[in-house]
1. Pick out, in residue order, every one of the GluC sites (Glu not before Pro) in the stretch 292-375 that is DSSP loop and has at most 16 other C-beta atoms within 10 Å; say none if there are none.
2. Give me the net charge of D260's neighbourhood, meaning all other residues with Cβ under 14 Å from the Cβ of D260; Lys, Arg count +1, Asp, Glu -1.
3. Quick one: Karplus J couplings for the stretch 145-157, per residue in order, coefficients 6.51, -1.76, 1.60, θ = phi - 60°, nearest Hz, x for Gly and Pro?
4. Mind checking which of S377, L250, T213 is farthest towards the positive end of the stretch 115-442's charge dipole, using Cβ charges of +1 (Lys, Arg) and -1 (Asp, Glu) about the Cα centre?
5. Under a point-charge model restricted to the Cβ atoms of Lys and Arg (+1) and Asp and Glu (-1), what is the dipole moment magnitude of the chain relative to its Cα centre, in debye to the nearest 20?
6. Pull out a ≥ b ≥ c, the square roots of the eigenvalues of the alpha-carbon gyration tensor of the stretch 3-105, then state rounded if a/c is under 1.5, prolate if not and a/b is larger than b/c, and oblate in the remaining case.
7. Sequence gap at least 6, Cα distance under 8 Å: using those rules, report the relative contact order of the chain to the nearest whole percent.
8. To make sure I understand, if each residue's beta carbon is the centre and we count other beta carbons within 10 Å, what order do V34, V375 fall in, fewest to most?
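Read-outs: derived from the displayed coordinates by stated rules, not from any lab. Since we're looking at a predicted model, the values are computed, not measured. Glycine also receives a Cβ, built like all others from the backbone with ideal geometry; neighbour counts cover every protein chain displayed.
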Amino acid sequence: MDRQQEFVLRTLEERDIRFVRLWFTDVLGFLKSVAVAPAELEGAFAEGIGFDGSAIEGFARAYESDMVLKPDPSTFQVLPWENPDGGNYSARMFCDIAMPDGSPSWADPRHVLRRQLAKASEAGFTCYVHPEIEFFLLQSLPDDGTVPEPADNGGFFDQAAHATATHFRRQAIETLESMGISVEFSHHENAPGQQEIDLRYADALTMADNVMTFRYVVKEVAITQGVRASFLPKPFTAQPGSGMHTHMSLFEGDHNAFYDASDPYELSPTGKAFVAGILKHAKELSAVTNQLVNSYKRLVVGGEAPTAVCWGHANRSALVRVPMYSPGKAASRRVEVRTLDSACNPYLAYAVLLAAGLRGISEGYELSAATDDDVWSLSDAERRAAGYDLLPQNLGEALTEMERSDLVAEALGEHVYDFFLRNKRNEWDGYRSEVTPYELRTGLPVF
């Protein structure tokens, strides 16, 4: 037994932990959990916990359903929910999914990301990410198709007049930090009820775990405040959607491989090739970074989200941006990918973005010129004349791009790639056949 496992077992005894929740994630990014008593954990470390993989979306077929949860002791945290006696009663650990012979399951999103991180490591890189996570606080979550009501009427950076959102963010941040997740800052976003909390950078696997924990914590804290939280990318027609702008950097030891003091953008040839890789493959990645039908209601002109494949410096209409908050500070040089939304599977999203960037580096992609255009303000004709390649306009187009992508197939692995495509094709086909209230409202009176 290693030292981390010993620490977990000792903490369980010292803190009188009654349940340990073993967390894992399905292919679509939904958090799953199996609870075990502390007495079972030593055996779980040694042999894992068996479960029926065929019960989980995308994991296994019925005749190959035996799978094993292997707890990762480095992810151990006491959950900050108190029992009636005032003591903490449960903890959680993320798990890797293995087959009965001990080999990694190709259906495990954590394993998908680990494989890409191993490729980065072989090239001498460690990948760090820092997400800006947006979401909505709502009065309730209506299940009858009616428009939800935001929990406040605030706008960008509003503070004093919106006590509910302010109190919520404080409690959410305190809860996250009690679980070892560092928060950089938070604020009210543009739309009524819309919030943003930015997590301090971490390695990509730790951050993917943190994003999954973040979504769970935010929903739990919202309930204690009498509201509900939603990570649906675009719940309101007339308001901006919720993104998860993600800052990425590669380090070689203590050296930021993206930094070059002599470049006008302080972006090294490695950083430029990484951005070029993301731009070249951006359309292929869209179904993973924006996996819902609803995701593409956010990626429209005027929606404060990228719609074209381009990059820039201070240009927030670009797909990739090179922030310059700290010029001359080597450790801060990173690139910001602005397409992702907060409903994606972070393990798969980070895996395909890293794969695209590494492809750009390994094959020496040339980065196109930066754009200073406000792409949002251009007409369709102006965008075409300027040579901007548009991102997919809907999930169907995104899946078509993904289906012909060798890069995404290799990054996800055959099992995850095939299941993801099948599942999302079913979602798209179901949406296309649905008659919407918009069609009835505009069509019935006149046709």
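1. Numbers: sites: E304, E336, E363, E366; in loops: E304, E363, E366.
For GluC sites (Glu not before Pro) across the stretch 292-375 that sit outside H, G, I, E and B with at most 16 neighbouring Cβ atoms in 10 Å, the list reads E363, E366.
2. Working: positive: K272, K329, R333, R334; negative: E252, D263, E266.
Overall, the nearby charge balance is +1.
3. x, 6, 6, x, 10, x, 7, 8, 10, x, x, 3, 6
4. Of S377, L250, T213, it is T213.
5. Working: 40 positive and 64 negative charges, 108 e Å.
For this selection, approximately 520 debye.
6. On the way: a/c = 2.50, a/b = 1.71, b/c = 1.46.
Here the stretch 3-105 falls in the prolate category.
7. Numbers: 855 pairs, mean separation 62.7, N = 447.
Reported relative contact order: 14 percent.
8. Values: V34 16, V375 23.
Least to most surrounded, the residues fall as V34, V375.
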